[in-house]
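See below for the structure under consideration.
The values are calculated or read from the model by the stated rules, or taken from the named source; none is laboratory data. Because the structure is predicted, anything quoted here is derived from the model rather than measured. Heads up, the Cβs are rebuilt from the backbone with ideal geometry, glycines too, and the neighbour counts pull from every protein chain shown.
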Amino acid sequence: MLAACCVAQEGGVRPPAVSGMFYPGNPEQLRSMIKGFLNKAEPPKIEGQLKGLIVPHAGYEYSGQVAAFAYGLLKDKKFDSIIILGYPAVSFSTPASVTQGVEQERINSGLLEGGTKKELLKIARQSLEIYLKEKRFPELEVKEPALLEKRGAFVTLKKKGMLRGCIGNFKEEPLYIQIQRTAVSSALNDPRFIPVRLEELKDIQIEISVLSPMQRINSIEELELGRHGIYVTDGVRSGVFLPQVAEETGWTKEEFLRRCLADKAGLPPDAWEKGASVFVFTAEVFSEDQTNN
């Protein structure tokens, strides 16, 4: 699924991908469930100083009560620092975060490290240079897990601060391949611009937006301006705005949605009230300007 869109800059945290599936999506229901688990847990008293816990991680209905027995051991205890080691369900990764206190924990947020961002920007520029010279993609040997994650992405090209091309793909595939293809597509296939020439590359800045999975919304109240991008479709025509567009324009929620339907999808501005589907997503945005500073 390819899409063209104007973008600027924004970072973000990927929203929970399984909220409402493995645990309640409603905050109050989730809070009540956790409180119930903790109230039922009567962990044994342990002599000495607690050094570490191994806690199961699965759907709350499966592992919640067992986890509560472990976390119950922390009640009324104070710690200077807490180190949390987290891993995704598919493969093991390095520790997700080191935090000061449980309230600050940030496990598996989906955010990319600075080195990964630089590598993706390098891949995008290298792909553009080689493709414009030789009409082929460079062959890369990639081992970094973050670059192999299947993600959607947009690549934006700007020349002297002005948009020069922007193409994105919501179809999830290995991130480094996604960036290779969308970078070249942004340069050559954006219907709003003539194809980028090799001699222009020295004046072009590259910006990448790595997307979260999309989630369908049923009410405009679920849309968060500045955080959410939107994808709209009636099954035939579609359009997309990245999260940054709302901040650039200052539009209200209604304007943001209506302009996407009309300007991007070519649908009536009120099509969302007549059956068109609306999906939201977040984007982690970074550019050569940022990583070079």
Original post:
Across region 248-259, what is the total count of residues that are outside any helix (DSSP H, G or I) and either in contact with a Lys or Arg (Cβ under 9 Å, 6 or more places away or on another chain) or hydroxyl-bearing (Ser, Thr, Tyr) (or both)?
Top reply: 2
Subject >> Within region 260-286, considering residues that are assigned to a helix (DSSP H, G or I) and buried (at least 19 other Cβ atoms within 10 Å of the Cβ), the one farthest from the chain's Cα centre (by Cα) >> reply: Ala271
Original post:
Here are Val245, Val210: which of them is assigned to a helix (DSSP H, G or I), surrounded by 16 or more Cβ atoms within 10 Å (Cβ to Cβ) and not basic (Lys, Arg)?
Top reply: Val245
**OP:** Show the residue pairs that are 6+ apart or on different chains and have beta-carbon atoms under 6 Å apart, the first residue being within region 248-270 and at negative phi, the second being buried (at least 19 other Cβ atoms within 10 Å of the Cβ) and among the polar types (S, T, N, Q).
**Re:** Ala265/Ser238
Subject >> Checking Ser212 against (1) under 15 Å from the mean Cα position of the chain (by Cα); (2) modelled with pLDDT of 95 or more, the condition it does not meet >> reply: (2)
Original post:
Are there any pairs with C-beta distances below 7 angstrom linking a residue in region 126-151 that is free of Cβ contacts under 8 Å to residues at least 24 places away in the same chain to a residue that is surrounded by 13 or more Cβ atoms within 10 Å (Cβ to Cβ) and assigned to a helix (DSSP H, G or I), with the two at least 6 apart or on different chains, and if so which?
Top reply: Arg136/Ile130
Original post:
Going through region 166-192 one residue at a time, which ones are surrounded by fewer than 24 Cβ atoms within 10 Å (Cβ to Cβ) and in a strand (DSSP E or B)?
Top reply: Asn169, Phe170, Lys171, Glu172, Glu173, Pro174
Subject >> Which listed residue is in contact with a Pro (Cβ under 9 Å, 6 or more places away or on another chain), among the charged types (D, E, K, R) and within 24 Å of Lys171 (Cβ to Cβ), from Arg227, Arg216, Arg258 >> reply: Arg227
**OP:** Looking for whichever is loosely packed, with under 14 Cβ neighbours inside 10 Å and not polar (S, T, N, Q) here; the options are Gly229, Gly250. Which one fits?
**Re:** Gly250
Subject >> Condition broken by Pro195, with the remaining ones in (1) part of a helix (DSSP H, G or I); (2) in contact with a helix residue (DSSP H, G or I) (Cβ under 9 Å, 6 or more places away or on another chain); (3) under 30 Å from Pro138 (Cβ atoms); (4) free of Cβ contacts under 8 Å to residues at least 40 places away in the same chain satisfied >> reply: (1)
